[in-house]
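K.L.:
Okay, handing you the structure first.
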Ligand SMILES: [Zn+2]
C-alpha cells in the first residue's frame, strides 16, 4: 500500500501579461477583454466568456494605451469596431488613474517612497 504521497503543492497563481505595459500580474488583478465568437470585443469581468482574451491592468493609462494604438486589435487578432471601442473607452473611464491596491494585500516593499501626497487632487463633481 505504497500510495504516493503528494507533496505540498505550490499554490498556482495564473499569471497574465498586460498587453499595454507588459507587466505580469495575477489574473485577478487584470481585466480581461474578450473577442467573442460573434466577433465583438467586450470587457469580460468574470473571465469566463468564450473567445480569445487579452488582459489589461485595472488602470486607465493601460487602457488608453491599448485602445489608442493597434495593440488590442493585434492581441485579439481582430479589428475592434468603433462601437466596441466606444464601449471599452467607457469602461476605461471608470478605472482609476493608478492601480488601487485593494485592502488585504501589501505587495509593496517596506521602503516605498511616499510620493503620492502632492498629486492628490480634489475631485470636483
Ligand atoms: Zn498594464
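K.L.:
So, residue 26, is that one farther than 22 Å from residue 70 by Cβ and either modelled with pLDDT of 90 or more or loosely packed, with under 12 Cβ neighbours inside 10 Å (or both) or not? Break it down into steps so the answer makes sense when it comes.
P.N.:
Details: farther than 22 Å from residue 70 by Cβ: yes; either modelled with pLDDT of 90 or more or loosely packed, with under 12 Cβ neighbours inside 10 Å (or both): yes.
The answer is yes for residue 26.
K.L.:
Search region 6-23 for residues being touching a residue at least 24 places away in the same chain (Cβ under 8 Å) and not in a loop (DSSP other than H, G, I, E, B), and hand back the single one that is surrounded by the fewest Cβ atoms within 10 Å (Cβ to Cβ). Step through it out loud before you land on a result.
P.N.:
Taking region 6-23 and keeping what is touching a residue at least 24 places away in the same chain (Cβ under 8 Å), we get 16-21, 23.
In the following step, the residues that additionally are not in a loop (DSSP other than H, G, I, E, B) were identified as 16-18.
Details: 16: 19, 17: 15, 18: 22.
My answer is 17.
K.L.:
Of the residues that make up region 46-60, is at least one in a helix (DSSP H, G or I) and either within 13 Å of the ligand (Cβ to nearest atom) or under 16 Å from residue 16 (Cα atoms) (or both)? Working first, answer last.
P.N.:
Taking region 46-60 and keeping what is in a helix (DSSP H, G or I), we get 60.
Next, only the ones that are either within 13 Å of the ligand (Cβ to nearest atom) or under 16 Å from residue 16 (Cα atoms) (or both) stay: 60.
Yes, the conditions are met somewhere in region 46-60.
K.L.:
Determine whether region 37-45 contains at least one residue that is within 16 Å of the ligand (Cβ to nearest atom) and either part of a loop (DSSP other than H, G, I, E, B) or on the phi < 0 side of the Ramachandran plot (or both). Explain how you work it out, then say what you get.
P.N.:
Step one: filter region 37-45 for residues within 16 Å of the ligand (Cβ to nearest atom), giving 43.
Then keep just the ones that are either part of a loop (DSSP other than H, G, I, E, B) or on the phi < 0 side of the Ramachandran plot (or both); that gives 43.
Yes: region 37-45 contains one or more residues that are within 16 Å of the ligand (Cβ to nearest atom) and either part of a loop (DSSP other than H, G, I, E, B) or on the phi < 0 side of the Ramachandran plot (or both).
K.L.:
A further question on this structure: May I ask you to verify whether residue 32 is within 21 Å of residue 94 (Cβ to Cβ) and in a strand (DSSP E or B)? Show your work before the answer.
P.N.:
On the way: within 21 Å of residue 94 (Cβ to Cβ): yes; in a strand (DSSP E or B): yes.
It is true that residue 32 is within 21 Å of residue 94 (Cβ to Cβ) and in a strand (DSSP E or B).
K.L.:
For residues that are farther than 14 Å from residue 75 by Cα and either more than 16 Å from the ligand (Cβ to nearest atom) or in contact with a helix residue (DSSP H, G or I) (Cβ under 6 Å, 6 or more places away or on another chain) (or both), tally how many sit in region 7-32.
P.N.:
8
The values are calculated or read from the model by the stated rules, or taken from the named source; none is laboratory data. Given the structure is predicted, the values throughout are model-derived calculations rather than measurements. For neighbour counting, all protein chains shown are included, and Cβ atoms are generated from backbone atoms with ideal geometry for every residue, glycine included.
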